[in-house]
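Report on the structure given below.
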Amino acid sequence: MEHAEYAKLKEPIALVVDDEPLVLMNTVDIIADEGFAVVEVTTADQALEFLAEHPSLQLLFTDVQTPGEIDGLDLAWKVAERWPHICVIVASGASVPAAGDLPPTVVFISKPFSAERVHDVLLDHYQPH
């Protein structure tokens, strides 16, 4: 996404990462229904590249298992360290992270998740700025 395109998005802005097309589409719809402008990518590597260009977004919602050099857990750590203002939610249907696998500020939710579950997590953890 070009900087000019990104600049046209209304805040809050979310980045959603999932390599499963139907899951990605569903997650994007849920996040958009929460009032976010949504950018979607299919790998954590793409997410990191996007964040390097556009670090001002407010929410990252990522799957744990993504193709590429890094996965969603690695991405969560990098974002928590470099961009602590971004609310990070990590989701997985395959595994539950053990204690210490995620930064303390990152929220984990199990797949499949409902729109209500995402809404509740955002109420508890997303702080608009």
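Quick notes
- Residues in the stretch 82-96 that are more than 20 Å from V23 (Cα to Cα) and out of contact with any Leu (no Cβ under 6 Å at 6 or more places or on another chain) were compared, and the one that is surrounded by the most Cβ atoms within 10 Å (Cβ to Cβ) is W83.
- Applying the criterion of being among the charged types (D, E, K, R) and part of a helix (DSSP H, G or I) to the residues of the stretch 46-96, the residue that is nearest to I109 (Cα to Cα) is D74.
- For Q46: the one exception among (1) farther than 18 Å from Q127 by Cα; (2) at pLDDT below 95: (2)
- All positions within the stretch 93-129 that are basic (K, R) and under 17 Å from L75 (Cβ atoms): K111
- The stretch 51-72, subset under 12 Å from the mean Cα position of the chain (by Cα) and within 15 Å of F36 (Cβ to Cβ), residue modelled with the lowest pLDDT: L57
- Checked against (1) over 19 Å from Y6 (Cβ atoms); (2) touching a helix residue (DSSP H, G or I) at 6+ places or on another chain (Cβ under 7 Å), D120 passes all but a single condition, namely (2).
Table: residues versus (1) under 25 Å from K10 (Cβ atoms); (2) touching a strand residue (DSSP E or B) at 6+ places or on another chain (Cβ under 6 Å); (3) free of Cβ contacts under 8 Å to residues at least 60 places away in the same chain.
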residue	(1), (2), (3)
Q46	yes, no, yes
G72	no, yes, yes
A76	no, yes, yes
I89	yes, yes, yes
P97	no, yes, yes
F108	no, yes, yes
P112	no, no, yes
A115	yes, no, no
V118	yes, no, no
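- With respect to being assigned to a helix (DSSP H, G or I), within 12 Å of the chain's Cα centre (by Cα) and not hydrophobic (A, V, I, L, M, F, W, C), T27 fits the description.
The values are calculated or read from the model by the stated rules, or taken from the named source; none is laboratory data. Quick caveat, the model's predicted, so the values are computed rather than measured. Positions of Cβ are backbone-derived with ideal geometry, glycine not excepted, and every protein chain shown enters the neighbour counts.
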